[in-house]
Structure formats: structure tokens, C-alpha cells
Amino acid sequence: MSSFELKMVIEDNAAYAPERSDLFNRRTARAARAFHSKLPGYRPTPLLSLPALAAALGVEQILVKDESQRFGLNAFKMLGGAWAIARLLCKETGSDINEFSFAAFRQQQRVPMTFATTTDGNHGRGVAWAARQLGQHAVIYMPKGSSPARVKHITDLGAECIVTQMNYDDTVRLTMRNAEKQGWKVVQDTAWEGYSEVPTWIMQGYATLADEAVEQMQALGTSPTHVFLQAGVGAMAAGVLGYLCDVYEAASLHAVVVEPDKADCLFRSAKRGEMVNVGGEMNTIMAGLACGEPNPLGWPLLRGCARQFISCEDRVAALGMRVLGNPLGDDPRIISGESGAVSAGVLAAVLHHPQSQALKEKLRLTPASRVLLLSTEGDTDPQHYREVVWEGKDGITA
């Protein structure tokens, strides 16, 4: 097997002190899943086993949750947006969330509301989808450099999409200002002073995928020793990790947070012991993770429950895309986008690294390890996916 070295910096979490969360746990996840399960077209996304890759790495099991098959939207993000919008509408109208349905609400023919958000692609697509299902309006802002394909995914769902000349975090601030002027409802997956209820709902909605995965693992007679969670602001990572730490003994679960090195705000926060923001354009191929400011709702949970944080170069994500799309042996093929594949890329980079054994020891990967990965998106930018997988963009020798 060939040997090569990709840039991955692994930071042990000195503040590790796991506690169960009152906000992100089995109870809140299952409430969200009960809602999602009533949506037309709902079905749990597949949990796929990669035994050949596991054998090559020297671990017992690698399981991948394939979110490319979520409601035909090619990504998991609608889980948070749809749940938050439903909760928001129930609060506005005095309705019971347990009785709420998209179809029934649309039939009421209320005066449409406008939902606004900032997105790198997938979250905005989910908000646009939910707004259209409910007969509402959506205005979606995207940061500088957003791909035309991701814009089209949103406008095809009937939403207005505005690409700014700012980075992600500055675009969030612009969205807030414009929403306040226009009287729009903001559905954002990060929090700030005076804005925490909606992002809490979004994070709880994300945990539906974790509840499905646990149910699927139980059917297989297994449970994870490790989970690798890619992060932008950390909303998905915290929502899912809070749930997993409630289901399993937190001390027995080795959780690793993975970020691009151009937008590694959580990695830097772990090093310093407090929240650190990253500025600049954050030009990474992992568009869904190109966020420079940690979600203050998620950071305390990640600080307490994640064992390690990894900052890695773009070639790690590109490697993961190729490995999942061109698997070993009889392992199933998984089409995973840049942000979805980075954790698989970490495992593949460890496998090929000249100091592979030392890295496995650092990550506590042993022959008894059972690793859970989340492929959070498919080829949401099809042209870029082909550039990476077919044309060798961000290749090993680049």
C-alpha cells in the first residue's frame, strides 16, 4: 500500500468533562423524529457497513450514515430547518406541535410569512424546501464564492437567493439586519445574544439522523466506540453528540470533531480553552464547513464531550470523496460531497500515513474499535464532485 502524508493536526481536548445535556438528548431528538416521520416521503437514510475498509485500517467496524438520500435533497440539513420552522409556526399561531402537519397548515391559507437564512448551500435548500411545502416565502443569502449549482438548487425550490461579497459570518449579520428591517423570520443554525430558540430547535432536529443510526446499529447488534463529526459552526456536531452521550456512556464514546484548516474555529477554541473566531474568506472546498464563528449553544457541549479536534487540509476531504466513491472489495459505493466525506478522508489519511500506527494510537483506534461516520451530503455540487473524483482536483500529488 502506498504511503503519503496529508496535513492533519490532532488536538487533545484538555477540557474534556462529559455531562448530559438538557437541550440535546434522546427526549428532544425523538420529538423531532416523531415530527419528521409524519412528513410525506420520510424514511430513515441507510447505515452502510464498510468491512473491507475496516479490515484495511485494522478496526472492527466502520459504519457510514448516508444522508444523500434524505427527502431527495441530497443532504441532512432539512431535518433542522423543517423542525424549526414547524416549531416557529406553532408558536406564532398557538398550535400544538404534536398535531402539526405541513399539509394541514397549507390548507389554512394564512397570509404567507417570509423565512430568511444564511447558508453555504444545504441549510438554505432545506429552508427553501420547507417554505415551499408550507406555502411560505424564503429569502436565502449565500457567501462570496458560492457555486452556481448550489444557488440553483435553492431557486429551483422557489426561494429568492442572494449571493453576497462577504464571508459566511458577515453574511449572517447582513441577513439579520435585513430580516429585522423587513419583518422576516430568521431560521439560522447558529446563535447569538437574544437569538437562541430557533437554533436550538434546528440542532434538535439534526439529531433525528442520530436516533435513526442508533436504532439501525441496535438492529445490527453493535454500538460505536468512536464517532467522527465534521463541523462548521458546530450545530450538527453538538446536536448529534449530545444525543449519543445520552444514549451511550459518554466516557466510553471517543468523539472527534473534524474541520477544514481554513475555518477551524472549534479546533482553535479547543486549543485556547475558550471560543475563538476565524476571519477572512475561508476558501475551502468544504463549503458547508466554511464557518468561522462557533455556535455558542454547541460549543460548551463539544468542549465537554469531544475527546479530540482535528484541523485538516482540503486534500483530506478530497481523499474521502474518492475512497467512498471507489470502495475496497465489496464495500458499498457512497457518493459523498466535500463536507460529507472529510471524516472518511481522515481515516483514509491515517491508513496511508507514514506514521499510521502512531496516529491510530493517538486516536485510540484498535482492532476492537467500531467507528461511526456521517456522510452529511451527496454531490451537492456535481461539477466540483467530478473535478475531484474524475479529474484529480486536490489530489495527493497536487
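Where a number appears in this text, it was derived from the coordinates with a stated rule and is not lab data. All of these numbers come straight from a predicted model, not from anything done at the bench. Every residue, glycine among them, receives a Cβ derived from its backbone with ideal geometry; neighbour counts consider all protein chains shown.
Spin-label pair residue 215-residue 2: with each label point 7 Å from Cα along the Cα-Cβ axis, the two points sit 4.2 nm from one another. Per-residue ellipticity at 222 nm, computed for the chain from helices alone with -39500 (n - 2.57) per DSSP H run of at least four residues, works out to -12500 deg cm²/dmol.
For the chain, the Cβ-based charge dipole about the Cα centre amounts to some 640 debye (Lys, Arg positive; Asp, Glu negative; other atoms uncharged). Mind pulling the per residue volume of the convex hull built on the Cα atoms of region 78-196? Å³ is fine. So the per-residue hull volume is 99 Å³. For region 13-171, a crude dipole built from +1 on the beta carbon of Lys and Arg and -1 on the beta carbon of Asp and Glu, taken about the Cα centre, is about 420 debye to the nearest 20. What residue among 111, 316, 388 has the largest mean-square fluctuation in a Gaussian network model of the chain, using Cα springs under 10 Å? Largest GNM mean-square fluctuation: 111. If I compute Rg/Rh (Cα atoms, Kirkwood Rh) from the structure I just sent, which labelled value in (1) 0.95; (2) 0.97; (3) 1.02 lines up? The value computed from this structure is option (1).
Annotation: lysines with alpha-carbon distance below 25 angstrom to residue 7 (same-chain offsets under eight excluded): 262, 271, 360, 362, 393.
Protection proxy ranking for 243-251, 371-379, using the average of other Cβ atoms within 10 Å per residue and placing the highest first: 371-379, 243-251. Projecting label points 7 angstrom from Cα along Cα→Cβ for residue 333 and residue 22 puts them 5.0 nm apart. Look at where the Cα atoms of region 322-338 and of region 102-164 average out, and the two centres are 31 Å apart. Ranked by the mean number of other Cβ atoms within 10 Å per residue, highest first, peptides 177-186, 231-240, 31-40 order as 231-240, 31-40, 177-186. Once both labels are positioned 7 Å from their Cα atoms along Cα-to-Cβ, the gap between residue 397 and residue 197 label points is 5.8 nm. Sum up the charges of everything whose Cβ sits under 12 Å from the Cβ of residue 8, counting Lys and Arg as +1 and Asp and Glu as -1, but leave residue 8 out. Summing Lys/Arg as +1 and Asp/Glu as -1 gives -4. Note on region 78-196: with charges restricted to the Cβ of Lys and Arg (+1) and Asp and Glu (-1), its dipole about the Cα centre is near 260 debye.
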